[in-house]
Each structure stands twice: as C-alpha cells, then as structure tokens.
Amino acid sequence: MKKILNIAAVTIFLLVTSATVHAQKGDVKFNLNYNYSMPMGNFKDNIISNSSPRGGTGEIIYNFSSKLAIGGAFGYQDYYQKYPRAVYKTGPNETTSAVLSNSIQTVPVMAKLTYSPAGNGGAVQPYLSGGAGAAFVDFKQYLGEFGSATNSVSFVAQAGAGVFIPFGKLSAAGLRLGADYNYVPYNKDGFGALNTLDVHAGVYFPIR
Amino acid sequence: MKMKSSALITVLLGVIVFVSSCSKQPLNNLTQDETRIYITDRDSSANFATYKTFSISDSVAVIHDQYANKALTASDSAYIAATTKYMQQRGYVLVSRSQNPDIGVDVSRVYSTTGVINYYDYSGYYGGYYDPYYWGYSDYGYYMPYAYDVYQITEGAMSVDMLDLKNASTNKKINFIWTGLIRGEGIFSADNADTQVKALFDQSTYIKANN
C-alpha cells in the first residue's frame, strides 16, 4: 500500500503542476470529496457486500469552456468484510474451517471529462462526467489470521452525474454532490470485477 | 479561496495519509477464536467404516524443524483425551497397541523456525524417532497419499493423524488416512483442546465406524 500511495502522490503532483502551468487564471479548480462506495455485482456477491464509508476523492478540473472541463482524478477507498466461520473446500479432499476476511484498498487515478449542460451560471449546476484510467488494487484475504496479499493494477472506467452548488452568485467555489459508477474489470485469481456505485460530497475551489 | 499548488499538494497528501490510516485492519478485528483455522485432509480411498478399533499414543510428538521428541503437558493430555473421546463417539473402540488396532492415532505439536512445513517432510519424521516407539512397524515406511499445500507455520500447529495399521502388512507401508491440523492463537491451551478437536471431527463426518 505504501508503494501505491507513493505512485498516487507522484500522479497528483503531475496533475496539479501540469494543470496550473497550462491554465489561465481562474480556470483551474480543485475538488476534495468524501466518498461512500457500494460494491456491485460480483464484488458484492462474492467478495465484499459491505459498503465502504472509508474513502475520499480529489480532482483537478480545467474549464476550457463554460460547459466542458477536463481533469485528473484520484481516490482512495478501503473495503473490508469479515464472514462468520464456515467450512471451505480447499483441496480435492481437504476442508478448512475458518473465519474469512476480505480486505481491499483501491487507488484509482483517472483522466476525466465533465459536461455541464447549463454552463457555469445558476445556483445549481448539474453535470455529467466520464473518466478512464488505472486502479491500483491491494487485495488481502485471510483465513483466520493467515493471509495472502495481491497487488495489481486494473483498468477503471467511470460514469457519473451530480451538481455543483456555488457558495454565491459570483463565487468560483462551492459544494459538489454526485454519484459515480466505476467499472473495474479486476478478474484476478478468479475473483471477477470490482465494480462499485459511489456517492460523494465535497467542496471545490479555484487554485489559479 | 485560492491556494498555491505546493500548499494544495501538502493538503492532498495529508488527506491521503489520513484516509488510508482509517482503513480497517483485518487482524485487529479478530477474536482469539476467530484467528484459528481447522484443516482436515483424507485419503479418499480409505473407507472409514471398515475400521473398528483404534489406539492412541500416550504422549505427544513435538516436531521442531528437523527434530522430534515426546512430551506430555496438561495441554497435550487434554488433546489426547479429546481425540479419544471423539473417536469413541464415532463408534471406534479403544484398544491397546498390543491388541492390533485398526487405526493408530498420533497427536503432534509442530513448530518451525524456517516458517515452512511441507507435510511430506513432516510425515517423514515418523520414520525416524517415532516409528519404533509408536507403532512397532519399523519394517514399513510411512506414506501420505494426500498432501496439504505448503503451509507457513511459525507460531506452531497442533496435528492429529490417523494411520492405517489394519492394512499395513498388505500394503507394506503405513498409510496416513486422515490428518487434522489446528492453527491460530491459543491452540496450546488445555481449556481449548476439546472444542478444537471437536471442530476437526465436525468437519469430517465421514469418520464413522460401521458397528
């Protein structure tokens, strides 16, 4: 996980510096969001059904018109579930009774496009967004206290919608509320996709 | 409301470190009982209904890396008693070694400082120190027709093995027909012995004499 955080930190640095270098004054905003994530499909059915209240996202947005913005996003989410003791078939004639714990941390890093059909006027500005990139996935599975860990990188694609709510009529800062669907075709060790539906709330503010 | 990028990066890194520190640590969310795992494996060709009697060692084999000796602590006695109890509950009759038991039962404590135990190696220890003392079939080698994956054992494990003595002379070897392995915290406790051996038998319903 330390390695993943280092990679994320470097990515964030590059995103921030490149956006601020190329942007005109007032064009670059930053989002910081609390993120609540709900596993979907195979992720929910076979790995972790608990929703995760432990996450956050950040996004650098460069508005190149009143309706369109590009940006870079990153995040962190921690998923965990402990299943009651059960007997698992672990070999042709081998069975293991154990409490099974699954622990997954994801760090998505994405390029994003945001479309605000009503532009940047109005008290509430709806938006649609889409993104794609890489998700660093740290998957740990424990039988009792005995665990194994797999670190990997997976493709991630995201579609989202939400609203920007400026603090004032002329303010470039405000609240952001929204939801995203994340497609993460993990497919490692037979575990399948790690798709999620996330809701987030945060603030945005100009950084240049 | 505007921030310099260096300040922003500092804030972001702080947020990342804070959020990641909020992660659930799986090992911190386990009770002592939940840390334990119970693994059983069997020889699929063995028909447990054909065995009627068993004998169990009166001490525990302590296997430590390349060395083995015998011991009998309070915990060891509790494991032997519990194993005897559950074998009898499944219909097997306890006899002495001199009465030609169908099944020989050994209870072992296994430790490894190297961190890895391969069960083929483990079974090989019986061919050394324990063979003459335990079952008196020194002319025969031991054979495990099944094998666990290689398990990392650093804190120790408790093992119960069943050996096919009934067919030893026919097979010209002593086959392991069942192995139960207990790992986790608090396993070397006399208070926990019964429930742990029970767990091994509970997941091995095929162990049943046909009386």
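Evaluate the charge dipole of the range A:48-137 about its Cα centre and quote only its size in Debye, nearest 20, assuming +1 on the Cβ of each Lys and Arg and -1 on the Cβ of each Asp and Glu. Using only the charged Cβ atoms, the result is roughly 140 debye.
Taking amide H as placed 1.01 Å from N in the peptide plane, residue B:43 has its amide H under 5 Å from the amide H of B:178, each at least 5 places away in sequence or on another chain.
With a threshold of 31 Å on the Cα-Cα distance, the over-threshold entries among B:173/B:198; A:67/B:24; B:52/B:172 are A:67/B:24.
Note on residue A:152/residue A:203: beta-carbon distance plugged into 1/(1 + (r/R0)^6) with R0 of 41 Å gives a FRET efficiency of 0.80. Would any residue of the range A:190-208 have its amide N under 14 Å from a label point 7 Å out along Cα→Cβ of residue A:118? List them or say none. Flagged as within label range: none. Spin-label model, residue A:159 to residue B:95: label points 7 Å out along the Cα-to-beta-carbon direction sit 7.3 nm apart. Using the Karplus relation 6.51 cos²θ - 1.76 cosθ + 1.60 with θ = phi - 60°, the per-residue 3J(HN,Hα) values for the range A:137-152 come to 10, 10, 10, 10, 10, 10, 9, x, 9, 9, x, 9, 10, 10, 9, 7 Hz, with x marking Gly and Pro.
Phi-derived couplings, Karplus 6.51 cos²θ - 1.76 cosθ + 1.60 at θ = phi - 60°, listed residue by residue for the range A:113-124: 10, 10, 10, 10, x, 8, x, 9, x, x, 6, 10 Hz, with x used for Gly and Pro. With n ≥ 4 as the cut-off for DSSP H runs, can you work out [θ] at 222 nm for chain A, using -39500 (n - 2.57) per run divided by the number of residues, rounded to the nearest 500? The helix-only estimate for chain A comes to -3500 deg cm²/dmol at 222 nm.
Within the range B:48-79, name every residue whose backbone N is under 14 Å away from a label modeled 7 Å from Cα of residue B:85 along the Cβ vector. From the range B:48-79, the list is B:75-79. Distance between the pseudo-spin-label points of residue A:171 and residue A:68 (7 Å out from Cα toward the beta carbon): 2.9 nm. Around the amide H of residue A:35, modelled in the peptide plane, lie the amide H atoms of A:55, A:56, A:57, all under 5 Å away and 5 or more residues distant in sequence or on another chain.
Bear in mind these aren't lab numbers, they're just calculated from the coordinates by the rules spelled out. Quick caveat, the model's predicted, so the values are computed rather than measured. Quick reminder, even Gly has a Cβ in these numbers, built from the backbone with ideal geometry, and neighbours come from all protein chains shown.
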